[in-house]
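Engineer: Take a look at this one; I'll ask things after.
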Amino acid sequence: MKPLSLDRVRSALIVAPHPDDEAIGAFGLIARLRRRGARVRVLIATDGAGSHPNSLRWPRARLVAQRRRETRAVLARIGVAARDVRFLGLPDGGMTAGGTMVRATLARALAQGRGHDLLVIPAQDDDHPDHRVVAAVAADCPAVRRLEYLVWPNRQIRARPATHRLTLGPSGAAKRGAIRRYYSQFGMIDDDPTGFTISRGELAAFAHPVERYRAVAR
């Protein structure tokens with residue numbers, strides 16, 4: 001696994017299936033690029049409302065707004081302006097069922113973001129179906145260079161090995177803190193017994209001090 005070089009990157013597009021995947025998958029990369037003066041745009045595919053579908057205090061509109069606030073706040077701390085964060089609002093947990101409409105919406109958004117020299121996308125073998133749909137559509141987007149990140153390893157198949165690593169150093173603690181700032185995913189919403197909460201083990205994996213990426217052939 002080679003060290004990841006970002007020397008020639010001047011503009012990057014980070015594609016995340018859900019609000020928080022951009023930080024889990026590429027926080028260190030985004031922070032490094034911004035420190036180097038590169039422009040970073042972030043595209044969030046789904047609305048994030050699937051994490052707590054049965055909450056009465058947090059109906060869909062309120063939860064979507066909260067998750068967007070969290071994403072903007074985390075990204076602002078590492079230099080990504082709100083104008084460079086776009087939310088498509090596609091159905092969380094329904095990317096597969098959405099079929100052609102969902103794929104077409106995502107494809108149009110990616111086409112509008114052409115011109116970047118680095119495209120960072122979820123892995124096509126991620127265990128989450130929303131991630132796989134986003135990955136499949138993004139794989140067809142023209143890019144000079146593309147990298148994949150894996151959030152949810154598939155337990156049924158052996159993951160393809162990473163090709164590049166980004167050692168975070170002091171930024172490792174910052175990444176852990178950033179993920180913790182997605183408060184809606186850490187127990188803030190407590191009236192939905194079926195709701196999602198990031199566990200200690202998942203946080204440890206997400207905040208690993210080395211980010212791993214796969215280079216993807218064009």
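Engineer: To the nearest 20 debye, what is the magnitude of the charge dipole of the chain about its Cα centre, counting +1 on the Cβ of each Lys and Arg and -1 on the Cβ of each Asp and Glu?
Structural biologist: Dipole size: approximately 960 debye.
Engineer: Distance from a point 7 Å along Cα→Cβ of Ser11 to each backbone N in segment 18-41: keep the residues under 11 Å and list them by number.
Structural biologist: Residues 39-41 qualify, since their backbone N sits under 11 Å from the label point.
Engineer: Something else: Just for the Cα atoms in segment 158-216, what are the lengths along the principal axes, largest first, rounded to whole Å?
Structural biologist: Cα spread of segment 158-216 along its principal axes, largest to smallest: 42, 30, 18 Å.
Engineer: Once you charge only the Cβ atoms, +1 for Lys and Arg and -1 for Asp and Glu, what is the size of the charge dipole of segment 91-195 about its Cα centre, to the nearest 20 debye? Let's see the in-between values first.
Structural biologist: Numbers: 14 positive and 11 negative charges, 110 e Å.
It comes to approximately 540 debye.
Engineer: Calculate the spin-label point distance for Ala217 paired with Ala76, positioning each point 7 Å from the Cα along the beta-carbon direction, and give it in nanometres.
Structural biologist: Each label point is offset 7 Å from its Cα along the Cβ direction, giving 4.4 nm.
Engineer: Now, a different point. Could you state the accessible area per residue of segment 123-218 in Å², with a 1.4 Å probe and every protein chain left in place? Please report the intermediate quantities before stating the final value.
Structural biologist: On the way: 5140 Å² over 96 residues.
Per residue, segment 123-218 has 54 Å² of solvent-accessible surface.
Engineer: State the Cα centre-to-centre distance between segment 82-96 and segment 1-37 in whole Å.
Structural biologist: 18 Å
Engineer: Full extension from Asp140 to Thr105: what is 0.36 nm times the residue separation minus their Cα-Cα distance, to one decimal in nm? Kindly include the intermediate steps, with their values, before the conclusion.
Structural biologist: Working: separation 35, 0.36 × 35 = 12.60 nm, distance 1.37 nm.
Using 0.36 nm per residue and subtracting the Cα-Cα distance, I get 11.2 nm.
Engineer: In bins 10 Å wide, starting from 0, what share of all Cα pairs of the chain does each bin hold, as a percent?
Structural biologist: Per 10 Å bin, starting at 0, the Cα pair percentages come out as 8, 36, 40, 15, 1.
Engineer: May I pose another question? Sorted by mean Cβ packing within 10 Å, highest first, what order do the peptides 19-28, 142-151 take?
Structural biologist: Descending mean neighbour count gives 19-28, 142-151.
Engineer: By DSSP, what percent of the beta bridges with both residues in the chain are antiparallel, rounded to the nearest 5?
Structural biologist: 25 percent
Engineer: For a label point 7 angstrom out from the Cα of Leu56 toward its Cβ, which stretches of segment 177-198 have the backbone nitrogen within less than 18 Å?
Structural biologist: Only 189-195 pass the distance filter.
Engineer: For segment 1-57, what class follows from the C-alpha gyration tensor (a ≥ b ≥ c being the square roots of its eigenvalues): rounded when a/c is under 1.5, otherwise prolate if a/b is larger than b/c, else oblate? Mind showing how you got there, number by number?
Structural biologist: Working: a/c = 3.40, a/b = 2.55, b/c = 1.33.
Note, shape of segment 1-57 comes out prolate.
Engineer: Once a ≥ b ≥ c are taken as the square roots of the eigenvalues of the Cα gyration tensor of segment 94-204, is the result rounded (a/c under 1.5), prolate (a/b larger than b/c) or oblate (a/b not larger than b/c)?
Structural biologist: Oblate.
Engineer: Further question: How many percent of the accessible area of the chain is carbon or sulfur, using a 1.4 Å probe? Kindly include the intermediate steps, with their values, before the conclusion.
Structural biologist: Numbers: 5420 of 10530 Å².
Here carbon and sulfur together make up 51 percent of the probe-accessible area.
Engineer: Say R0 is 30 Å: what FRET efficiency, to the nearest 0.05, do Asp190 and Thr167 get from their beta-carbon distance? It would help to have the intermediate numbers written out before the result.
Structural biologist: Values: r = 36 Å, r/R0 = 1.22.
That gives a FRET efficiency of 0.25.
Engineer: Right, here's the next one. Would you work out which of Leu150, Met101, Pro129 lies farthest towards the positive end of the dipole of segment 46-202, given +1 charges on the beta-carbon of Lys and Arg and -1 on that of Asp and Glu, about the Cα centre?
Structural biologist: After comparing all options, I get Leu150.
Engineer: While we're here: How big is the charge dipole of segment 57-120 about its Cα centre, in debye rounded to the nearest 20, if each Lys and Arg gets +1 on its Cβ and each Asp and Glu gets -1 on its Cβ?
Structural biologist: 320 debye
The values are calculated or read from the model by the stated rules, or taken from the named source; none is laboratory data. The model shown is predicted, which means the values in this text are computed figures rather than measured ones. Don't worry about glycine lacking a Cβ; one is built from the backbone with ideal geometry, like all the others, and counts go over all protein chains shown. Protein only, heavy atoms only, side chains kept; ligands, DNA and RNA dropped before computing areas. Shrake-Rupley method; radii C 1.70, N 1.55, O 1.52, S 1.80 Å.
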